[in-house]
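Step one of this worksheet: look at the structure below.
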Amino acid sequence: MIKGVLSFMVLAIAMPMADAVSTDEVPETVMITYHAKSGSEDELARVIASHWSVARHLRLVRKEPHVTLRGSEGAGLTYFVEILTWHDGNIPDFAPPAIQKLWDQMNALVESRDGKPGLDFASVEVISDRSAASRSTAAPTDGARPKAASTAALSIAARRTAPPSKLPGEDDTGIAGID
């Protein structure tokens, strides 16, 4: 009987305390630049795609915004840029082992470049939404290329609006190249 009363008292005390703790998520949108080691570009692209897939499966990131871009700099050195939103900005500090393992793989495939780390993170803010971007860069239905859109904007718009088949300029990982 005493054990039951004590359990009830602990529960009665703990419940108001639990209400005082905020469970509100504060999302964080980040831009990650990956400076690929020469020869590791395809493997890095696969690991980036796998990271996104695992993070979505574990419900760590929001579906949108998300974009992954591939570009080159200098003497043909490849870099990738990925933009994603964590459901909560604290998730990276407490990432599950499956995500940490992918981060280890990423770190092995990147290099420091021009004084910047192999993985360069920046917290960013979305200032335009997808619907506005789609209206300004969406491909015409007759297949003609819009005249005022940049190649990067076209890659982003095509990736978001095309059917799941491989797009022109994409490799087998589904990552669009940028000029």
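Side notes on the structure shown:
- Scanning segment 31-83 for residues that are under 11 Å from the mean Cα position of the chain (by Cα) and among the acidic types (Asp, Glu) turns up GLU64, GLU82.
- Single residue of segment 29-59 satisfying the filter (assigned to a helix (DSSP H, G or I) and touching a residue at least 60 places away in the same chain (Cβ under 8 Å)) that is surrounded by the most Cβ atoms within 10 Å (Cβ to Cβ): LEU44
- Of the residues making up segment 60-115, those that are within 15 Å of THR33 (Cα to Cα), of a type outside the set (Ser, Thr, Tyr) and assigned to a loop (DSSP other than H, G, I, E, B) number 4.
- Screening MET15, MET1 for residues that are at pLDDT 50 or above and over 25 Å from the mean Cα position of the chain (by Cα) leaves exactly one candidate, MET1.
- Yes/no for GLU25 being surrounded by fewer than 16 Cβ atoms within 10 Å (Cβ to Cβ) and either of a type outside the set (Gly, Ala, Ser) or on the phi > 0 side of the Ramachandran plot (or both): yes
- In segment 42-61, the count of residues that are modelled with pLDDT under 95 and charged (D, E, K, R) is zero.
- Selection of segment 62-76 for residues being within 19 Å of LEU119 (Cα to Cα) and either touching a Gly at 6+ places or on another chain (Cβ under 9 Å) or modelled with pLDDT of 95 or more (or both) yields HIS66, VAL67, THR68, LEU69, ARG70, GLY71, SER72.
- Flag not set for ALA132, criterion: modelled with pLDDT under 95 and under 16 Å from the mean Cα position of the chain (by Cα).
The values are calculated or read from the model by the stated rules, or taken from the named source; none is laboratory data. Just so we're clear, the structure is a prediction, and the values are computed from it rather than from any experiment. Note that we place each Cβ from the backbone using ideal geometry, even for glycine, and neighbour counts take in every protein chain shown.
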